[in-house]
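Read the figures in this text as sums done on the coordinates, not as results from a lab. Note that the structure is a prediction, hence the values are computed from the model and not measured. Note: ideal-geometry Cβ built from the backbone for every residue, glycine included; neighbour counts use all protein chains shown.
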C-alpha cells in the first residue's frame with residue numbers, strides 16, 4: 001500500500017490514517033465508535049505494535065490510552081524511552097466487541113495498513129505486544145511464553161516479542177517478566193543506535 005519512505009513519510013502516514021478512519025473492510029467497522037490508526041513519531045526508530053484497541057481507545061480514537069496503555073507509558077519511561085519518540089499502533093485498527101481476540105479475517109483486512117505504516121516509518125526495531133502481533137509480524141509458529149524478550153532479524157528490521165501490558169495489569173507478579181522484556185528491548189535499542197537511520201534518499 002505505502003511507497004518506500006521519502007521526506008514526506010509523515011504525509012504518507014496521514015494518508016493511511018485517513019483510509020483507516022473510514023474503513024469498512026470487515027465487521028468491526030459496524031460496532032466501533034472510532035477507528036484507531038495509530039500515532040507517534042513518523043521517523044521513529046522504535047515501532048510498538050499491539051493487538052487491537054480496547055474500550056478507552058475506541059472512545060478516543062488513540063492507541064494505548066487505557067490502563068494497559070498507561071502501564072506501557074510507565075514501562076517505557078523506566079527504560080528511558082519517551083512515548084512521543086516512538087510510533088504506536090495495533091494489528092487490528094478497530095475494537096473487537098467485548099475485547100475478544102481479533103479474528104483472522106479482521107487481521108487480514110487491516111494487514112496492508114500495518115505494512116504500509118512499517119514501510120513509511122522504516123523503524124530499526126519493532127516490538128510486538130502480545131501473541132497476535134507476534135504471530136502476524138514474526139511467525140505464527142512461535143509461543144510468546146518461550147520467545148518473549150528474544151529478538152529476530154527479518155527484512156532489515158529487528159523484531160522483539162514482548163508480553164502485552166494487559167498481561168501484567170492485574171497481576172503484580174507478572175510485572176517482573178514484563179520489565180525483563182522491556183530491559184531486553186532497551187539493550188536491543190542501544191545496539192541498533194550505533195548505526196544511524198537512513199532515509200530512502202540517502203540509501204539511493
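For this structure, a couple of remarks:
- Every residue from segment 123-145 that is in a helix (DSSP H, G or I) and touching a residue at least 12 places away in the same chain (Cβ under 8 Å): 131, 132, 133, 134, 136, 137, 144
- Residue within segment 96-103 that is closer than 26 Å to residue 178 by Cα and within 14 Å of the chain's Cα centre (by Cα) present: no
- Output for segment 92-112, where each listed residue is closer than 16 Å to residue 48 by Cα and either surrounded by fewer than 24 Cβ atoms within 10 Å (Cβ to Cβ) or in contact with a strand residue (DSSP E or B) (Cβ under 6 Å, 6 or more places away or on another chain) (or both): 111
- Among residues that are buried (at least 21 other Cβ atoms within 10 Å of the Cβ), within 15 Å of the chain's Cα centre (by Cα) and over 17 Å from residue 37 (Cα atoms), residue 121 is not included.
- Hey, residue 194 more than 18 Å from residue 63 (Cα to Cα) and surrounded by fewer than 13 Cβ atoms within 10 Å (Cβ to Cβ) or not: yes
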